[in-house]
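Peer 1: Submitted below is the structure of interest, expressed as structure tokens.
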Amino acid sequence: MNYESCDNRRGEVLGRLLPALIPAALLTLLLAALAIEPLPWRLSWTWIPSLGVDLSLYVDGLSAQFLLLIVGIGTMVFVYGSAYLAENSRRNRVFGLLVLFMAAMIGAVVSDHLLVLFVFWELTSLLSFLLIGIDHEQEEGRRSALQALLVTGSGGLCLLAGIILLGQIGGSYSLQTLIERAPLFLEDVRLNAALALIFVGAFSKSAQFPFHFWLPNAMAAPTPVSAYLHSATMVKLGIYLLARLDAAFSELLFWEYSLVSIGTVTAVLAAIQTVRERDLKRILAWSTVATLGTLTMLVGLPGNGAALAVAALFFAHALYKAPLFFVAGNLDHGTGTRAIDKLTGMRRYMPWTAAIALLAALSMAGLPLTFGFIAKGAIALAKEQAEALLLVSYAAVLVNGVSVAVAAIAAIHVFWGRDRSPLQAGLHPHEAPLAMLLPPLLLVILGLLFGLAPTMIDPLLGAAAHAMAPGFDQTMVTLSYDFLAVLEAMAGALVLGGVILLGWRRLGLLMDRFRHLEIVGPEAWYWRSLVLLPRLAARQTRLLQHGQLPRYVMTLVSVATLLVLALLLVARPGWAWPELHSLTAPVAGAALLIAAGALVAMFVRDRLVLLLVSGLVGYGSAVLFLFTGAPDLAFTQFAVETVFVVVVAAVLLRLRRTPLALGAVPTAARLRPLALAVATAFGASLTALVLLVAGLPFDNSLAVFFSEQSVPAAHGRNVVNLILVDFRAVDTLGEIAVLFFALLAVLPLFKRFGGGA
Amino acid sequence: MIWAIALALGIVIAAGTYLALSRDLLRCLIGLVLLGNGINLLLFTSGRLSSSLPPVIGADEMVLGVAANPLPQALVLTAIVISFALLCFSLVLALRIIQLAGSDDLTRLRAAEPTSQDAVKPALEEES
Amino acid sequence: MRSDALLAQVFMRSLYPLLLLASLWILLRGHNAPGGGFIAGLLAVAASAAYALVFDVASSRRRLPLAPVSLAASGVLLALLSGLPALLGGLPFLTHLWGTLTFGPVELPVSTGMLFDLGVYLCVWGVFGGYCLALLRSIEEIP
């Protein structure tokens, strides 16, 4: 019995681990491929030839680095999630979405075609929405999910516009082709607009100012999702695109200034915001935003060193931030809270987690012998090479100080802080299961390994840097670490970090005094626009959908008039008014009858008279048809008009006797000047159209065809009837079918007329 | 000849539009009739008024001689019949609406787009 | 009953079949002279409407060969069927075929095109006849 349940348990754990096989298999495949096949890899299939969209893949060092992160961190996230989500009823959905997300991310970083990349890009936004809102019964989750979707989605629209514009300028949507051709169109005036649009897309995706606010709110997602999407992979997609395009546009001042300034502003703002938070996960989120800002700044910095720094920071960040997120998840799992005020002295209950946190924090603080140290060194060198502004350097010190403080909070405060008897605070801390310890442990060990022996990772970093800065040479990697400069900067950051750590609570309170400044912040504008947009939409809908038929007709007729007039104006050079010919008496009489009937109809008040007068117009048309060679039309018009007038007159006469107040609208016969003006303009424009069309040359070939074919092909002599019955018989069949349906459609209405007709 | 017809059809279309812009449901319908008439004339003249002889081939001939263009006639013939069907349909619909709503004032027919009670949406302004 | 109404009824009784005969004649001559299914159908509609006005809707409806909806449906169906023989001969749908039927000394030209036109005629009669009768019926209850 006991054995059996133990077996069952083990089987269950293994079963939950099954999804992790997918990223693990991909990781193995990727590592094997990297070992065998030298970069870059190219593959291409024709996908939509009519649009020139090829499904072409291009994997160079940068893509390979991202692929490693996607499947590597992915594997860890899947293993971790198998235990973290064990009790979660939506576990299967989370894993399903994560697999899809992984596929979309892979697609985004291997696509060479910008539009294909865009499709995958949007897919990741959509999946992020679904994953943040996975707990859709919580309002918080729904709001955060929607916010992330709206911010990244509207950024995505700008990105699409930017991509299309860039494609137009460069004459290709292939990233590699664009990078090759870039020197040819750097002077194009449209380029800045295209890049600005792409910036909006990339900045919203990578949580850069002023779109940064969605990322901390996205922490509503389960921790594995946060670690994967909102720290390691998806939020770096914007930086990825910028890094890709850096090879083409790094020489532009607009490029450099935009990225450096926005990146720095983001990093500083995020560093300041970090101090205000008390929730460990949100603290980590803000520090992620700060790192993303630093990355953006580094992409903007010119020089080969900057490219290497980007590559190194990409990697280092993934190797320490993901474990820290896992640590936050373990704490949440073990104690039920993430509030740093409640969490102290946890090392006694969660020793393994404490060790992981410490190792990750060392790397995050950038202490020697860690991979974070190497990244910091590369950054310092990059700034030196690029002769960055002093202001940027000061900002970097502040950001580094805060990141040291965050590392200390996560490792020292939470685990080694003075034990305030958490058991009394209602927490029952316990260590996380193995599946939640191994993944972060593996990652921090890798971080240490690469820190101790950077040569293991150098080829990959070099390849990635080469993709960003084509001038980068593989041999530069090992020469690029300037440890002395780092140590110098490190000392300042450590001191500052210590101060911030000690004053965390007081600094937070101080910041909170300025919280009224938030009403001018970007997030406030987001909420304001959420209120204003529906109002605007409602107003605009009311303007167009007012529910009043006369005004709808007015809009339709006005637009039709304008279209006809525009057409006539375009054709202006070819205007030729027809000559005045003598009139035959019947035609003149018919025209007079039509015009007179129409004019009287406009102003007559009695409806019966109105009906008769409209009949006059019909009879006038019939006479006109008769004397212009169309007896068939004349007979048809006569018959229709007679039946209509007689039947409707009978109806109207009878309705007059009912209490139903027909014709009671007093204004009906009053002159309506606006309506009259619109009507006159419409009539006049069509008269002009008819007259001007009459002057155009006429293609008579159809008439000739019917004239010649009637007797031999259709065995008849009345050409009009033959067109209807023979040449265009299918059309006529359609028409009588329509007539039939018109009768069917109205049958239910008849049935209700005073009980069954 | 084209001038007379063009002017007449312009007047018919203007009158039809003017009536269709009315608030009175039945006037609207008659406006539709006139508009249809005007457009039929427009269609008819677009095939040119080449001859006043009907397009019927003589008993001992194989090819149509000088005659009016048959193609617009075929088009207009179907148009007359279809617009008659449309008219019948609208008439029945209109009578039914009048019976249901107890009014033939188009600005009072509010079943499909009722006056909004929503705080966000501005109320419809009533035509005075 | 007033004498003028009686006079109208007597007149209508003889006019109705004449109108229908005329409509048939217009239908048949439509191939070679002005006329055809649409015009003939409308003439038949006029006859039905007039009959309903002079007598009442119910008796006019009894004079129709079928109920209006069935009449219209049979018209559409007939037009549809007239296109099928062409398919059997491997020709496109609604390609009309011609032939002559010989009854002793009388030779009648027949074609699927005539069947098609007959379908148009029946459909127009059914649809607009149905509309007119229904409209007139809707006011019959009003005193």
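Peer 1: Averaged over B:93-101, how many beta carbons belonging to a partner chain fall within 10 Å of each residue's beta carbon? Display every interim value, and only then the final one.
Peer 2: Details: counts 3, 0, 9, 7, 1, 4, 8, 1, 0.
Average neighbour count from other chains, rounded to a whole number: 4.
Peer 1: Exposed loop sites here are GluC sites (Glu not before Pro) in DSSP loop states with at most 12 other C-beta atoms within 10 Å. What is the longest stretch of chain A lacking them? Don't skip to the end; give the middle numbers.
Peer 2: Details: sites that count: A:87, A:137, A:187, A:251, A:387, A:579.
Answer - A:388-578.
Peer 1: Next up: Starting from 0 in steps of 10 Å, tell me what percent of the Cα-Cα pairs of chain A lands in each bin.
Peer 2: Using 10 Å bins, I get a P(r) of 2, 11, 18, 17, 11, 8, 9, 10, 8, 5, 1, 0 for chain A.
Peer 1: Let me spell out the model: positive unit charges on the Cβ of Lys and Arg, negative unit charges on the Cβ of Asp and Glu, origin at the Cα centre of the stretch A:318-402. What dipole size does that give, in debye rounded to 20? Intermediate values should be presented prior to the final figure.
Peer 2: Details: 7 positive and 4 negative charges, 60 e Å.
I would put it at about 280 debye.
Peer 1: Near residue A:236, which aspartates and glutamates are there with a Cα under 19 Å away, not counting those fewer than 8 places off in the same chain?
Peer 2: In chain and number order, the partners are A:60, A:112, A:122, A:246, A:256.
Peer 1: I would also like to ask the following. The stretch A:1-158: percent of C-alpha pairs farther apart than 27 Å?
Peer 2: Numbers: 4686 of 12403 pairs.
Beyond 27 Å sits 38 percent of the P(r) for the stretch A:1-158.
Peer 1: If you take the Cα Rg of the stretch A:203-283 and divide it by 2.2 N^0.38 Å, with N the number of residues, what do you get? Before the final figure, lay out the partial values.
Peer 2: Values: Rg = 14.0 Å, N = 81, 2.2 N^0.38 = 11.7 Å.
Relative to the rule-of-thumb radius for its length, the stretch A:203-283 sits at 1.20.
Peer 1: Calculate, axis by axis, the spread of Cα positions in the stretch C:51-99 along the three principal axes, and write the results as whole Å, longest axis first.
Peer 2: Here the Cα extents, ordered largest to smallest, are 50, 20, 12 Å.
Peer 1: Where nothing but the Cβ of Lys and Arg (+1) and of Asp and Glu (-1) is charged, how large is the charge dipole of the protein assembly as shown around its Cα centre, in debye to the nearest 20? Could you put the intermediate results ahead of the total?
Peer 2: Details: 62 positive and 59 negative charges, 610 e Å.
Approximately 2920 debye in magnitude.
Peer 1: Can I ask one more? Averaged over all directions, how much area does the convex hull of the C-alpha atoms of chain C cover when projected, in nm²?
Peer 2: Values: hull surface 43.7 nm².
Averaging across all directions leaves 10.9 nm² for the Cα convex hull.
Peer 1: Per the Kirkwood treatment, what hydrodynamic radius in Å, one decimal, follows for the stretch A:60-102 from the mean inverse distance over all distinct Cα pairs? Write down the numbers at each step before the final one.
Peer 2: Values: mean 1/r = 0.0894 Å⁻¹.
11.2 Å is the Kirkwood radius here.
Peer 1: Any idea what diffusion coefficient chain B gets from Stokes-Einstein, in µm²/s, Kirkwood Rh on alpha carbon pairs, 37 °C, 0.692 mPa s? It would help to have the intermediate numbers written out before the result.
Peer 2: Details: Rh = 18.0 Å.
Result for D is 183 µm²/s.
Peer 1: What is the dipole size for the stretch C:6-140, taken about its Cα centre, with +1 at each Lys and Arg Cβ and -1 at each Asp and Glu Cβ, in debye to the nearest 20? If you can, show how the numbers build up before the last one.
Peer 2: Numbers: 6 positive and 4 negative charges, 52 e Å.
With Lys and Arg at +1 and Asp and Glu at -1, about 240 debye.
Peer 1: Which one, A:366, B:18, B:64, projects farthest toward the positive side of the charge dipole computed for the protein assembly as shown from Cβ point charges (K/R +1, D/E -1)?
Peer 2: Positive-most Cα among the choices belongs to B:18.
Every number here is computed from the coordinates shown, using simple stated rules; none is lab data. All of these numbers come straight from a predicted model, not from anything done at the bench. FYI the Cβ positions are ideal-geometry reconstructions off the backbone, even for glycines, and counts take in every protein chain you see.
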